[in-house]
Amino acid sequence: MPELAEVEVTRRQLLPLLGLTVACAEKLSDKNLRLPLGKGDLGRLSGARLDAIDRRGKYLIWHFLGADGVPLEMVVHLGMSGKTLLDAADASPHDHLRWHWSQGATLTYRDVRRFGFVAVGDVGLGTEMTATMGPEPWDETWAAQVAAKAKKGSRSVKALLMDQSVAAGLGNIYVCEALFATGIHPETPAYKLKNKQIEALHEAVQGVLERAIAAGGSSIQDFKAAHGSPGYFQLELKVYGRAGEGCPACGEEIRAIKQQGRTTFFCARCQR
DNA sequence: GATTAGACTCGGCCTA
DNA sequence: TATTGCCGAGTCTAAA
């Protein structure tokens with residue numbers, strides 16, 4: 001559940017926990033996540049009341065008031081395959097952490113590949129961990145900030161947008177989709193982009209993410225019935241994962257290439 | 001030409 | 001073989 005849209009959907013799904021207190025938090029697995037939890041980190045959460053959950057890029061920042069009256073923070077990154085499950089209906093060998101809350105609720109952190117992590121610390125941990133991150137998609141200065149970085153380097157627009165210090169929250173799927181929506185070839189050197197193109201990219205990024213969040217949100221409604229993963233699979237992706245299919249705009253075959261070790265999907269006729 | 005800082009790419013982390 | 005992400009190591013490049 002990796003890119004900004006999925007993280008935001010996850011955040012909204014977790015809001016019912018606000019105001020609840022952690023009875024205890026436990027480790028379910030000996031295996032470390034990307035960052036190992038410090039000894040006693042989970043213990044600090046016992047008796048802590050959850051006051052807010054914020055998102056910055058793909059990071060979730062949880063604000064607690066500790067049992068001793070001192071505020072603390074928990075930072076969660078879902079990596080490639082991390083999920084947070086409220087009152088998980090099943091168990092998995094990939095369940096790593098569980099929080100037991102007042103009023104009987106439980107939250108499970110499940111992560112097959114373990115590229116994600118959970119960290120607990122003092123106030124400011126979340127800010128510290130996201131200090132070098134670029135603007136959020138709904139930041140009015142997004143285009144200006146991205147343009148400044150685009151003019152500096154020599155790399156492709158795809159690589160530029162994938163860089164979290166340039167623009168927060170974008171990943172492989174939504175970068176491919178936003179480039180398709182604006183008709184920009186993914187291998188275009190970033191410094192060649194016109195300001196108008198970057199402004200168009202900003203609009204496309206917002207549109208794609210808004211639709212993805214809406215799709216994820218609506219899929220939560222019928223989640224029980226669907227018994228499937230919300231998000232991508234219900235979202236109408238125009239090019240991502242569609243190599244060999246016809247472009248929805250012109251019918252040209254959608255191509256897949258590798259950039260920075262990641263697959264890029266695009267239409268060579270629509271994107272130049 | 002040699003040095004250096006910053007930009008950039010790539011492999012590895014994991015599992016199915 | 002593939003993969004929604006990220007970071008550190010190593011390489012490249014522009015500038016002084």
What do you reckon, is residue A:96 in contact with a Phe, Trp or Tyr (Cβ under 6 Å, 6 or more places away or on another chain) and surrounded by 14 or more Cβ atoms within 10 Å (Cβ to Cβ)?
yes
Flagged in region A:93-120 as farther than 14 Å from residue A:59 by Cα and within 15 Å of DNA strand C (Cβ to nearest atom), in numbering order, are A:94, A:110, A:111, A:112, A:113, A:114
Within region A:36-72, track down each residue that is among the charged types (D, E, K, R) and more than 19 Å from the chain's Cα centre (by Cα).
A:39, A:41, A:44, A:49, A:51, A:68
Here are some residues: A:137, A:71. Which one is under 21 Å from residue A:11 (Cβ atoms), touching a His at 6+ places or on another chain (Cβ under 9 Å) and crowded, with 20+ Cβ neighbours inside 10 Å?
A:137
Of the residues that sit in region A:72-93 and are farther than 19 Å from residue A:119 by Cβ and of a type outside the set (A, V, I, L, M, F, W, C), which one is nearest to DNA strand B (Cβ to nearest atom)?
A:93
Taking residue A:40, is it at pLDDT 95 or above, surrounded by fewer than 21 Cβ atoms within 10 Å (Cβ to Cβ), away from DNA strand B (no atom under 16 Å from the Cβ) and part of a loop (DSSP other than H, G, I, E, B)?
no
If we scan region A:118-136, do we find a residue that is on the phi > 0 side of the Ramachandran plot, away from DNA strand B (no atom under 16 Å from the Cβ), assigned to a helix (DSSP H, G or I) and not assigned by TED's automatic domain parsing to the domain that holds residue A:205?
no
Would you please list the contacts, defined by Cβ atoms under 7 Å and residues six or more apart or on different chains, that run from a residue in region A:194-205 that is free of Cβ contacts under 8 Å to residues at least 40 places away in the same chain to a residue that is in a loop (DSSP other than H, G, I, E, B) and among the aliphatic types (A, V, I, L, M)?
A:197/A:184
When (1) away from DNA strand C (no atom under 16 Å from the Cβ); (2) within 20 Å of residue A:171 (Cβ to Cβ); (3) out of contact with any helix residue (DSSP H, G or I) (no Cβ under 9 Å at 6 or more places or on another chain) are applied to residue A:35, the one that fails is (1)
I'd like the residue in region A:4-32 that is away from DNA strand B (no atom under 16 Å from the Cβ) and among the acidic types (Asp, Glu) and, out of all such residues, is surrounded by the fewest Cβ atoms within 10 Å (Cβ to Cβ).
A:26
Looking at A:78, A:35, can you tell me which residue is of a type outside the set (Gly, Ala, Ser) and surrounded by 14 or more Cβ atoms within 10 Å (Cβ to Cβ)?
A:78
May I ask you to list the residues in region A:160-200 that are under 15 Å from the mean Cα position of the chain (by Cα) and closer than 16 Å to residue A:264 by Cα?
A:161, A:162, A:163, A:170, A:171, A:172, A:173, A:174, A:175
Got at least one residue in region A:83-92 being under 14 Å from the mean Cα position of the chain (by Cα) and buried (at least 19 other Cβ atoms within 10 Å of the Cβ)?
yes
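Every residue, every condition in (1) in a helix (DSSP H, G or I); (2) over 18 Å from the mean Cα position of the chain (by Cα); (3) at pLDDT 95 or above, yes or no:
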{"residue": "A:215", "(1), (2), (3)": "yes, no, no"}
{"residue": "A:228", "(1), (2), (3)": "no, yes, no"}
{"residue": "A:237", "(1), (2), (3)": "no, no, no"}
{"residue": "A:244", "(1), (2), (3)": "no, yes, yes"}
With within 20 Å of the chain's Cα centre (by Cα) and not hydroxyl-bearing (Ser, Thr, Tyr) as the only criterion, which of A:22, A:7 stands out?
A:7
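The values are calculated or read from the model by the stated rules, or taken from the named source; none is laboratory data. Computed from a predicted model, the values in this text were never measured in an experiment. Cβ sites come from the backbone with ideal geometry, for glycine too, and all protein chains shown count toward neighbours.
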